[in-house]
1. Under the Karplus relation 6.51 cos²θ - 1.76 cosθ + 1.60, θ = phi - 60°, what is the ordered set of whole-Hz ³J(HN,Hα) values for region 171-180, x standing for Gly and Pro?
2. Give me, ordered by chain and number, the residues 5 or more places off LEU92 or on other chains with an amide H under 5 Å from its own placed amide H.
3. Taking amide H atoms as placed 1.01 Å from N in the peptide plane, list the residues 5 or more away in sequence, or in a different chain, whose amide H sits under 5 Å from that of HIS213.
4. For LYS153, LYS179, give me the order by solvent-accessible area with a 1.4 Å probe, most accessible first, ignoring ligands, DNA and RNA.
5. Put a dot 7 Å past each Cα toward the Cβ at ASP54 and ASP87; how far apart are the dots in nm?
6. Roughly to the nearest percent, how much of the accessible area of region 61-160 is carbon and sulfur, given a 1.4 Å probe?
7. Amide H to amide H under 5 Å from THR192: which residues, 5+ apart in sequence or cross-chain, H placed 1.01 Å off N in plane?
8. Kindly write out, for region 135-145 in residue order, the coupling ³J(HN,Hα) from the Karplus curve 6.51 cos²θ - 1.76 cosθ + 1.60 (θ = phi - 60°), rounded to whole Hz, with x marking Gly and Pro.
Amino acid sequence: MKRTCSRKGFERGKFTVFVAGIFCLTLAVGCGEKEEGEVATTTKKSETAAPVVDVATAATVTGRVLFSGTPPKMQLVDRSSEGTCHDEASPLYTENVLVNDNGTLRNVFVYVKDGLGDMTFPPPSEPVVLDQVGCSYKPHIFGIQAKQPLKIKNSDGGVLHNIHTISKRGNGFNFGMPKVMETTKKFKRPETMVRIKCDVHGWMGAYVGVVSHPYYSVTGEDGTFELSPLPPGEYVIETWHEEYGTQTQTVTVTEKETKEITFTFKPAS
(Lines give C-alpha, C1' and ligand atoms only; values in the text may rest on other atoms or scores of the structure.)
Protein backbone atom coordinates (compact mmCIF):
# COMPACT_ATOMS: atom_id res chain seq x y z
CA MET A 1 0.00 0.00 0.00
CA LYS A 2 1.39 3.43 -0.98
CA ARG A 3 2.11 5.68 1.97
CA THR A 4 1.37 9.40 1.72
CA CYS A 5 1.68 12.47 3.90
CA SER A 6 -2.08 12.77 4.48
CA ARG A 7 -4.36 13.20 7.47
CA LYS A 8 -5.31 9.50 7.30
CA GLY A 9 -1.84 8.59 8.57
CA PHE A 10 -2.56 10.29 11.87
CA GLU A 11 -5.64 8.15 12.29
CA ARG A 12 -3.63 4.89 12.19
CA GLY A 13 -1.62 5.48 15.33
CA LYS A 14 1.72 6.92 16.32
CA PHE A 15 3.74 4.22 14.57
CA THR A 16 2.12 4.94 11.23
CA VAL A 17 2.74 8.65 11.69
CA PHE A 18 6.41 8.00 12.42
CA VAL A 19 6.88 5.71 9.39
CA ALA A 20 5.05 8.14 7.11
CA GLY A 21 7.24 10.96 8.34
CA ILE A 22 10.45 9.01 7.63
CA PHE A 23 9.10 8.10 4.18
CA CYS A 24 8.39 11.74 3.36
CA LEU A 25 11.85 12.84 4.50
CA THR A 26 13.49 10.12 2.44
CA LEU A 27 11.77 11.42 -0.67
CA ALA A 28 12.58 15.04 0.31
CA VAL A 29 8.93 15.94 0.07
CA GLY A 30 7.86 18.46 2.71
CA CYS A 31 4.52 18.14 4.48
CA GLY A 32 4.37 21.85 5.26
CA GLU A 33 3.28 24.81 3.19
CA LYS A 34 4.92 25.61 -0.10
CA GLU A 35 6.90 28.79 -0.55
CA GLU A 36 5.27 31.54 -2.56
CA GLY A 37 5.45 30.80 -6.28
CA GLU A 38 6.35 27.11 -5.81
CA VAL A 39 4.21 24.60 -7.68
CA ALA A 40 2.67 22.10 -5.28
CA THR A 41 3.46 18.46 -6.13
CA THR A 42 0.18 17.29 -4.60
CA THR A 43 -1.99 19.51 -6.81
CA LYS A 44 -4.73 17.70 -8.63
CA LYS A 45 -4.04 16.71 -12.20
CA SER A 46 -6.66 19.14 -13.53
CA GLU A 47 -4.71 22.01 -11.93
CA THR A 48 -1.30 21.06 -13.33
CA ALA A 49 -2.10 19.98 -16.86
CA ALA A 50 -3.78 22.02 -19.53
CA PRO A 51 -7.29 20.85 -20.45
CA VAL A 52 -7.41 18.90 -23.66
CA VAL A 53 -9.05 21.10 -26.27
CA ASP A 54 -9.91 19.13 -29.39
CA VAL A 55 -8.65 21.37 -32.18
CA ALA A 56 -10.66 19.32 -34.67
CA THR A 57 -13.91 20.54 -33.08
CA ALA A 58 -12.69 23.78 -31.47
CA ALA A 59 -14.37 27.10 -32.15
CA THR A 60 -13.03 30.59 -32.79
CA VAL A 61 -14.26 34.04 -31.83
CA THR A 62 -12.92 36.87 -33.97
CA GLY A 63 -13.86 40.49 -34.12
CA ARG A 64 -13.06 44.16 -34.49
CA VAL A 65 -13.17 47.10 -32.13
CA LEU A 66 -14.50 50.20 -33.88
CA PHE A 67 -14.20 53.85 -32.92
CA SER A 68 -17.16 56.19 -33.41
CA GLY A 69 -16.63 59.92 -33.63
CA THR A 70 -13.76 62.26 -34.37
CA PRO A 71 -10.41 60.75 -33.37
CA PRO A 72 -8.57 62.85 -30.78
CA LYS A 73 -5.11 64.10 -31.67
CA MET A 74 -2.14 62.40 -30.08
CA GLN A 75 -0.21 64.71 -27.75
CA LEU A 76 3.53 65.19 -27.99
CA VAL A 77 5.28 64.01 -24.82
CA ASP A 78 7.80 66.49 -23.39
CA ARG A 79 10.90 64.48 -22.47
CA SER A 80 13.23 67.47 -22.23
CA SER A 81 13.82 66.78 -18.52
CA GLU A 82 15.55 63.54 -19.47
CA GLY A 83 18.26 64.39 -21.97
CA THR A 84 19.12 60.80 -22.80
CA CYS A 85 15.55 60.13 -23.95
CA HIS A 86 14.87 63.52 -25.51
CA ASP A 87 15.17 63.00 -29.25
CA GLU A 88 13.51 65.49 -31.57
CA ALA A 89 14.14 63.15 -34.50
CA SER A 90 12.05 60.45 -32.81
CA PRO A 91 9.19 62.23 -31.01
CA LEU A 92 7.05 60.35 -28.49
CA TYR A 93 3.27 60.73 -28.54
CA THR A 94 0.61 59.67 -26.08
CA GLU A 95 -0.96 56.24 -26.66
CA ASN A 96 -4.14 56.44 -24.59
CA VAL A 97 -6.37 56.77 -27.68
CA LEU A 98 -4.99 55.43 -30.96
CA VAL A 99 -7.47 55.26 -33.83
CA ASN A 100 -6.32 53.35 -36.90
CA ASP A 101 -6.78 54.54 -40.48
CA ASN A 102 -9.60 52.01 -40.96
CA GLY A 103 -11.65 53.47 -38.10
CA THR A 104 -10.75 50.80 -35.57
CA LEU A 105 -9.33 51.29 -32.08
CA ARG A 106 -5.89 50.09 -31.07
CA ASN A 107 -4.72 49.00 -27.61
CA VAL A 108 -7.98 47.38 -26.53
CA PHE A 109 -7.58 44.37 -24.24
CA VAL A 110 -10.01 41.57 -25.16
CA TYR A 111 -10.48 38.40 -23.13
CA VAL A 112 -12.86 35.63 -22.12
CA LYS A 113 -14.36 36.89 -18.88
CA ASP A 114 -16.69 33.92 -18.22
CA GLY A 115 -17.60 30.57 -19.74
CA LEU A 116 -14.59 28.34 -19.14
CA GLY A 117 -16.13 26.84 -16.00
CA ASP A 118 -13.68 25.01 -13.76
CA MET A 119 -11.09 24.51 -16.50
CA THR A 120 -7.60 25.47 -15.35
CA PHE A 121 -4.60 26.35 -17.50
CA PRO A 122 -1.00 26.18 -16.26
CA PRO A 123 0.99 29.34 -16.92
CA PRO A 124 3.40 29.23 -19.87
CA SER A 125 7.10 29.10 -19.05
CA GLU A 126 7.88 31.50 -21.90
CA PRO A 127 8.04 35.03 -20.49
CA VAL A 128 6.16 38.08 -21.67
CA VAL A 129 8.58 40.97 -22.21
CA LEU A 130 8.05 44.57 -21.03
CA ASP A 131 10.80 46.90 -22.18
CA GLN A 132 11.67 50.52 -21.38
CA VAL A 133 12.88 52.28 -24.50
CA GLY A 134 13.16 56.02 -25.05
CA CYS A 135 11.57 56.58 -21.64
CA SER A 136 8.40 54.74 -22.64
CA TYR A 137 6.98 51.30 -21.92
CA LYS A 138 6.82 48.83 -24.79
CA PRO A 139 4.17 47.52 -25.17
CA HIS A 140 1.72 50.03 -23.78
CA ILE A 141 -1.09 47.47 -23.33
CA PHE A 142 -0.47 43.74 -23.00
CA GLY A 143 -1.77 40.53 -21.44
CA ILE A 144 -0.25 37.74 -19.40
CA GLN A 145 -1.35 34.68 -17.45
CA ALA A 146 -1.15 34.70 -13.68
CA LYS A 147 2.21 33.24 -12.54
CA GLN A 148 3.66 33.45 -16.04
CA PRO A 149 7.12 35.08 -16.05
CA LEU A 150 7.23 38.77 -16.90
CA LYS A 151 10.67 39.79 -18.09
CA ILE A 152 11.17 43.51 -17.44
CA LYS A 153 14.01 45.21 -19.29
CA ASN A 154 15.63 48.62 -19.12
CA SER A 155 17.13 49.31 -22.54
CA ASP A 156 17.76 53.00 -21.79
CA GLY A 157 21.47 53.17 -21.02
CA GLY A 158 22.28 55.32 -17.99
CA VAL A 159 18.64 56.20 -17.26
CA LEU A 160 17.07 55.38 -13.90
CA HIS A 161 13.62 53.85 -14.27
CA ASN A 162 11.18 52.69 -11.64
CA ILE A 163 8.60 49.92 -12.07
CA HIS A 164 5.57 50.57 -9.88
CA THR A 165 2.41 48.48 -10.29
CA ILE A 166 -0.94 49.69 -8.95
CA SER A 167 -2.94 46.62 -7.92
CA LYS A 168 -6.03 45.80 -5.87
CA ARG A 169 -5.38 42.05 -5.76
CA GLY A 170 -1.90 41.66 -4.36
CA ASN A 171 -0.06 42.06 -7.65
CA GLY A 172 1.89 45.10 -6.52
CA PHE A 173 5.65 45.63 -6.70
CA ASN A 174 7.87 48.68 -6.82
CA PHE A 175 11.57 48.68 -7.62
CA GLY A 176 14.20 50.69 -9.47
CA MET A 177 16.25 49.84 -12.55
CA PRO A 178 19.22 52.25 -12.61
CA LYS A 179 21.00 50.88 -15.68
CA VAL A 180 20.69 48.56 -18.66
CA MET A 181 19.44 45.41 -16.99
CA GLU A 182 16.53 42.99 -16.77
CA THR A 183 14.62 41.18 -14.05
CA THR A 184 11.71 38.74 -13.86
CA LYS A 185 8.51 39.09 -11.86
CA LYS A 186 5.19 37.23 -11.67
CA PHE A 187 1.65 38.37 -10.98
CA LYS A 188 0.10 36.14 -8.34
CA ARG A 189 -3.54 36.17 -9.42
CA PRO A 190 -5.86 37.33 -12.21
CA GLU A 191 -6.65 41.04 -12.33
CA THR A 192 -7.88 43.33 -15.09
CA MET A 193 -6.28 45.73 -15.30
CA VAL A 194 -3.00 46.38 -13.47
CA ARG A 195 -1.52 49.83 -14.03
CA ILE A 196 2.24 50.22 -14.38
CA LYS A 197 3.94 53.58 -13.89
CA CYS A 198 7.39 55.09 -13.49
CA ASP A 199 7.72 57.42 -10.51
CA VAL A 200 10.80 59.00 -12.09
CA HIS A 201 9.17 59.88 -15.42
CA GLY A 202 5.54 60.82 -14.90
CA TRP A 203 4.55 60.39 -18.55
CA MET A 204 5.47 56.69 -18.59
CA GLY A 205 2.55 54.32 -18.19
CA ALA A 206 1.29 50.91 -19.26
CA TYR A 207 -1.49 48.47 -18.41
CA VAL A 208 -1.50 44.68 -18.21
CA GLY A 209 -4.44 42.31 -18.15
CA VAL A 210 -3.67 39.34 -15.91
CA VAL A 211 -5.87 36.34 -16.68
CA SER A 212 -6.05 32.67 -15.71
CA HIS A 213 -6.16 31.30 -19.26
CA PRO A 214 -4.66 31.90 -22.72
CA TYR A 215 -7.82 33.37 -24.30
CA TYR A 216 -6.91 37.05 -24.56
CA SER A 217 -5.77 39.50 -27.19
CA VAL A 218 -4.83 43.15 -27.72
CA THR A 219 -6.02 45.01 -30.81
CA GLY A 220 -3.26 46.31 -33.04
CA GLU A 221 -2.96 48.35 -36.22
CA ASP A 222 -6.04 46.76 -37.82
CA GLY A 223 -8.21 46.76 -34.67
CA THR A 224 -8.92 43.03 -34.81
CA PHE A 225 -8.70 40.20 -32.29
CA GLU A 226 -8.99 36.41 -32.24
CA LEU A 227 -9.70 34.00 -29.37
CA SER A 228 -9.00 30.36 -30.18
CA PRO A 229 -9.07 27.38 -30.00
CA LEU A 230 -12.14 27.57 -27.76
CA PRO A 231 -14.17 24.56 -26.66
CA PRO A 232 -17.73 24.91 -28.00
CA GLY A 233 -19.90 26.76 -25.50
CA GLU A 234 -21.24 30.09 -24.32
CA TYR A 235 -18.79 32.83 -23.38
CA VAL A 236 -18.79 36.35 -22.04
CA ILE A 237 -16.23 38.39 -23.96
CA GLU A 238 -15.05 41.62 -22.38
CA THR A 239 -13.16 44.50 -23.96
CA TRP A 240 -11.25 47.10 -21.93
CA HIS A 241 -9.92 50.49 -23.01
CA GLU A 242 -8.02 52.84 -20.73
CA GLU A 243 -10.13 55.89 -21.62
CA TYR A 244 -13.51 54.38 -22.55
CA GLY A 245 -13.94 51.60 -19.98
CA THR A 246 -15.36 48.14 -20.64
CA GLN A 247 -17.95 46.47 -22.83
CA THR A 248 -19.16 42.86 -22.82
CA GLN A 249 -20.95 40.56 -25.21
CA THR A 250 -22.24 37.01 -24.78
CA VAL A 251 -21.48 34.70 -27.68
CA THR A 252 -22.28 31.02 -28.27
CA VAL A 253 -20.09 28.95 -30.58
CA THR A 254 -20.65 25.40 -31.74
CA GLU A 255 -18.15 22.81 -33.00
CA LYS A 256 -15.80 24.14 -35.68
CA GLU A 257 -17.68 27.44 -35.78
CA THR A 258 -16.01 30.79 -36.28
CA LYS A 259 -18.13 33.67 -35.06
CA GLU A 260 -17.33 37.32 -35.61
CA ILE A 261 -18.42 40.05 -33.20
CA THR A 262 -17.94 43.81 -33.15
CA PHE A 263 -17.49 46.30 -30.34
CA THR A 264 -17.78 50.07 -30.74
CA PHE A 265 -16.29 52.67 -28.43
CA LYS A 266 -16.94 56.38 -28.57
CA PRO A 267 -16.11 59.39 -26.41
CA ALA A 268 -18.66 60.49 -23.85
CA SER A 269 -20.92 63.18 -25.26
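The values are calculated or read from the model by the stated rules, or taken from the named source; none is laboratory data. Quick caveat, the model's predicted, so the values are computed rather than measured. Cβ sites come from the backbone with ideal geometry, for glycine too, and all protein chains shown count toward neighbours. Protein only, heavy atoms only, side chains kept; ligands, DNA and RNA dropped before computing areas. Shrake-Rupley method; radii C 1.70, N 1.55, O 1.52, S 1.80 Å.
1. Values, residue by residue: 9, x, 8, 7, 8, x, 10, x, 7, 5 Hz.
2. So LEU92 has HN proximity to VAL77.
3. Amide H to amide H, under 5 Å and 5 or more residues apart or across chains, HIS213 pairs with ALA146.
4. Details: LYS153 60, LYS179 125 Å².
From most exposed to least exposed: LYS179, LYS153.
5. 5.2 nm
6. Numbers: 2370 of 4850 Å².
Looking at region 61-160 in its full context, I get 49 percent from C and S.
7. VAL210
8. 6, 8, 8, 10, x, 7, 10, 8, x, 7, 8
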